[in-house]
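Heads up: the structure comes next, in structure tokens.
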Amino acid sequence: MGSTGSIGTQTLDVVRAYPDRYSVYALCAHRSIDKLVEQAMEFHPEMVCIADESLYEPLKERLAALECKVWAGSDAIAQVVTMPSIDVVVAAMVGYAGLKPTIEAIKAGKTIALANKETLVVAGEIICDLAMKHHTPILPVDSEHSAIFQSLAGEDKSEIEKILLTASGGPFRTYSLEQMRTVTAADALKHPNWEMGAKITIDSASMMNKGFEVIEAKWLFGVPVEKIQVLVHPQSIVHSAVQFTDGAIKAQLGAPDMRLPIQYALSYPERLGSAFPRADLFAIGALTFEQPDPERFPNLGLAYEAMRRGGNIPCVLNAANEVANLAFREGRCGFLQMSDIIANTIAKAPFIAKPAYEDYVASDTEARRIAGQLLKPFNF
Ligand code: MG
């Protein structure tokens, strides 16, 4: 799911490197039709699915020479992922849209290689309960969570003292609050270490991505958020670490290259050889760590607060962020205003302590409406 995005294309790099081991059953994309056609021509999947229904006819036409089924619509994606021949579903759609198909894949008992962290931010409790009930493994693709997962190999989760979640600090790590007031989407899209899609790159610059990762770690590893500490580590070599009750710290290090955690999620519990670039510790020289600044990056605090309140609030946090993130990318709000919109949406949204799936859908819609209204005074 999300085959034409950054994680999707890198997943196909891994598949390309191991043609005897992996084959592609289905490719699902949002609307990048050219890239999707190119991928289908190369990987010959049984099914190709595009979320944007208006692209169904042109897609079918362009794939006429291939013997593959062509489907369209978001409901179709939720159906494709349940097909019996599928072993692993790589969940790499952007944002809330990934929730429903991931739920269906879990119910169908598919191993999930999870890149779409918003799924756990929005509905972590439902996802974890379902995964438990259907004995579905959820393997992290997010580099930090892959590092934590690798550090926990052979360990007992009850012996975790804390999780040390690293963050690059993004392009504005050293900016003053004054400078951050006037940054543009183009500035924010210049990430120092990682090549990622536009939405997550903005989330990374605002540290909302790290806030989401705190929530993601809580659900994946069953650790309360008070035991998850964020460290700014500008070199992005230590991908995260676990501190145990005896004081020992285990970390996973490597070059900042998403193909490594993607490949590990696919090959787990094995490790496969790879030709990806190695981290050159001599060239890097020093690894440094800093406290995150809560004043310049309030999103981190908002995420902790959302988790402390629980219920539908993390879902509201995500929806407000999706609205603010898009508005910032389109020049409809300032960088620091994104946090104001998110905080005010949370303050205005009705609280639901024990949400069912339908409550999450309603909370998402309502939070988007509130955030959209809050945006209006900022229109310029
Ligand atoms: Mg990450």
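Among residues of region 195-213 that are in the same structural domain as Arg173 (by TED's automatic domain parsing) and of a type in the set (A, V, I, L, M), those with a beta-carbon under 7 Å from a residue that is within 11 Å of the ligand (Cβ to nearest atom) and not in a helix (DSSP H, G or I) at least six positions away or on a different chain give the pairs Met207/Ala167. For region 27-70, give me each residue that is of a type outside the set (S, T, N, Q), under 25 Å from the mean Cα position of the chain (by Cα) and open to solvent by 30 Å² or more (accessible area, probe 1.4 Å). His30, Arg31, Asp34, Lys35, Glu38, Phe43, Asp52, Glu53 - these are the residues of region 27-70 that are of a type outside the set (S, T, N, Q), under 25 Å from the mean Cα position of the chain (by Cα) and open to solvent by 30 Å² or more (accessible area, probe 1.4 Å). Taking (1) under 16 Å from Ala217 (Cβ atoms); (2) at pLDDT 95 or above; (3) within 15 Å of the ligand (Cβ to nearest atom) in turn, Glu118 satisfies each apart from (2).
For beta carbons closer than 6 Å, sequence separation of 6+ or different chains, a first residue in region 344-358 that is over 14 Å from Asn318 (Cα atoms) and a second that is in a helix (DSSP H, G or I) and not β-branched (Val, Ile, Thr), the qualifying pairs are Ile352/Asp359. Cβ-Cβ distances below 9 Å connect the following pairs, each with a first residue in region 1-28 that is assigned to a loop (DSSP other than H, G, I, E, B), a second residue that is surrounded by fewer than 20 Cβ atoms within 10 Å (Cβ to Cβ) and polar (S, T, N, Q), and a separation of six or more residues or different chains: Ser3/Thr9; Ser3/Ser32; Thr4/Ser32; Gly5/Ser32; Tyr18/Ser267; Arg21/Ser267; Tyr25/Ser85.
The set of residues in region 143-164 being within 16 Å of the ligand (Cβ to nearest atom) and either open to solvent by 10 Å² or more (accessible area, probe 1.4 Å) or assigned to a helix (DSSP H, G or I) (or both) consists of Ser143, Glu144, His145, Ser146, Ala147, Ile148, Phe149, Gln150, Ser151, Leu164.
Anything in region 315-350 that is of a type in the set (S, T, N, Q), closer than 22 Å to Leu189 by Cβ and open to solvent by 20 Å² or more (accessible area, probe 1.4 Å)? List them, or say none. Reasoning before the result, please.
Kept after step one, since they are of a type in the set (S, T, N, Q), are these residues of region 315-350: 318, 321, 325, 337, 339, 344-345.
From what is left, the residues that are closer than 22 Å to Leu189 by Cβ are 318, 321, 325, 337, 339.
Across region 315-350, the qualifying residue is only Gln337.
Note on region 71-95: residues that are crowded, with 24+ Cβ neighbours inside 10 Å and either hydroxyl-bearing (Ser, Thr, Tyr) or assigned to a loop (DSSP other than H, G, I, E, B) (or both) amount to 3.
Filtered by the rule that a residue be surrounded by 19 or more Cβ atoms within 10 Å (Cβ to Cβ), of a type in the set (Gly, Ala, Ser) and over 24 Å from Val323 (Cβ atoms), region 165-208 gives Ser168, Gly169. Picking from residues in region 351-380 that are open to solvent by 80 Å² or more (accessible area, probe 1.4 Å), of a type outside the set (S, T, N, Q) and outside any helix (DSSP H, G or I), the one that is farthest from Arg308 (Cα to Cα) is Phe380.
On inspection, Gly169 fails the criterion of being small (Gly, Ala, Ser), over 26 Å from Ile284 (Cβ atoms) and within 16 Å of the ligand (Cβ to nearest atom).
With modelled with pLDDT of 95 or more and either part of a loop (DSSP other than H, G, I, E, B) or of a type in the set (Asp, Glu) (or both) as the only criterion, which of Glu67, Glu57 stands out? Reasoning before the result, please.
On the way: Glu67 fails: modelled with pLDDT of 95 or more.
Only one candidate passes the filter, namely Glu57.
One residue is enough: does region 222-245 have a residue meeting the conditions open to solvent by less than 60 Å² (accessible area, probe 1.4 Å), in contact with a helix residue (DSSP H, G or I) (Cβ under 8 Å, 6 or more places away or on another chain) and in a helix (DSSP H, G or I)? Checking region 222-245: at least one residue is open to solvent by less than 60 Å² (accessible area, probe 1.4 Å), in contact with a helix residue (DSSP H, G or I) (Cβ under 8 Å, 6 or more places away or on another chain) and in a helix (DSSP H, G or I). Does region 110-125 include one or more residues that are more than 29 Å from Ala241 (Cβ to Cβ) and either touching a helix residue (DSSP H, G or I) at 6+ places or on another chain (Cβ under 8 Å) or open to solvent by 10 Å² or more (accessible area, probe 1.4 Å) (or both)? Within region 110-125 (the criterion being more than 29 Å from Ala241 (Cβ to Cβ) and either touching a helix residue (DSSP H, G or I) at 6+ places or on another chain (Cβ under 8 Å) or open to solvent by 10 Å² or more (accessible area, probe 1.4 Å) (or both)), the answer is yes, since at least one residue qualifies.
The values are calculated or read from the model by the stated rules, or taken from the named source; none is laboratory data. Note that the structure is a prediction, hence the values are computed from the model and not measured. Using ideal geometry, Cβ is built from the backbone for each residue, glycine included, and neighbour counts are taken over all protein chains shown. Remember, those area values only see protein heavy atoms, side chains included, never the ligands or the DNA or RNA. Shrake-Rupley method; radii C 1.70, N 1.55, O 1.52, S 1.80 Å.
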